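One structure is given here, and the rest of the page talks about it.
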Amino acid sequence: MTSKDDEKPLKEYTRAQVEQHCTHDDLWLIFRGKVYNMTPYFNQHPGGLAILRYAGKDVSTVLPYVASHGIAWKIIEKKLEEHLIGKLK
């Protein structure tokens, strides 16, 4: 997966900072050490409100599981790339 960090340095966030973004209108996730603002994607998420369960959390073990149950990994990668905002400190 190519990422925006190839283009410019990523802002760094602590786990505590990410944890504060845990609502439907302010939803961040951590995946493999990177931080994603998924707020704009919330209403389009195919799993509906299920994404809220992971708001402000690390989904590094969850996303591969989801992908193994029928969601194309390329779609997941594309959505993550679109919403990359930083990396974990």
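Looking at region 10-25 only, could you name the residues that are open to solvent by 80 Å² or more (accessible area, probe 1.4 Å) and assigned to a loop (DSSP other than H, G, I, E, B)?
Filtering region 10-25 for residues open to solvent by 80 Å² or more (accessible area, probe 1.4 Å) gives 11-12, 15, 19-20, 24-25.
Those that are open to solvent by 80 Å² or more (accessible area, probe 1.4 Å) and assigned to a loop (DSSP other than H, G, I, E, B): Gln20, His24, Asp25.
In region 64-89, what count of residues is obtained for those that are closer than 14 Å to Tyr36 by Cβ and not charged (D, E, K, R)? Of the residues in region 64-89, 7 are closer than 14 Å to Tyr36 by Cβ and not charged (D, E, K, R). One residue stands out in region 60-89 among those that are surrounded by fewer than 14 Cβ atoms within 10 Å (Cβ to Cβ) and of a type in the set (Gly, Ala, Ser): the one that is farthest from Phe31 (Cα to Cα), namely Gly70. In region 26-48 there is at least one residue that is open to solvent by less than 50 Å² (accessible area, probe 1.4 Å), among the hydrophobic types (A, V, I, L, M, F, W, C) and part of a helix (DSSP H, G or I).
Look through region 50-59, keep the residues that are part of a helix (DSSP H, G or I), in contact (Cβ under 8 Å) with a residue 12 or more places away in the chain and open to solvent by 50 Å² or more (accessible area, probe 1.4 Å), and return whichever of them is farthest from Asp25 (Cα to Cα).
Looking at residues that are part of a helix (DSSP H, G or I), in contact (Cβ under 8 Å) with a residue 12 or more places away in the chain and open to solvent by 50 Å² or more (accessible area, probe 1.4 Å), I get Tyr54.
Can you confirm whether region 73-86 contains a residue that is over 13 Å from the mean Cα position of the chain (by Cα) and on the phi > 0 side of the Ramachandran plot?
Step one: of region 73-86, the residues over 13 Å from the mean Cα position of the chain (by Cα) are 73-74.
Remaining after also requiring on the phi > 0 side of the Ramachandran plot: none.
No, because not a single residue in region 73-86 is over 13 Å from the mean Cα position of the chain (by Cα) and on the phi > 0 side of the Ramachandran plot.
The values are calculated or read from the model by the stated rules, or taken from the named source; none is laboratory data. Note that the structure is predicted; figures quoted are calculated from it, not measured. Virtual Cβ from ideal backbone geometry, glycine too; neighbours counted across all protein chains shown. Heads up: the accessible areas ignore ligands, DNA and RNA and are worked out on the full protein's heavy atoms, side chains in. Shrake-Rupley method; radii C 1.70, N 1.55, O 1.52, S 1.80 Å.
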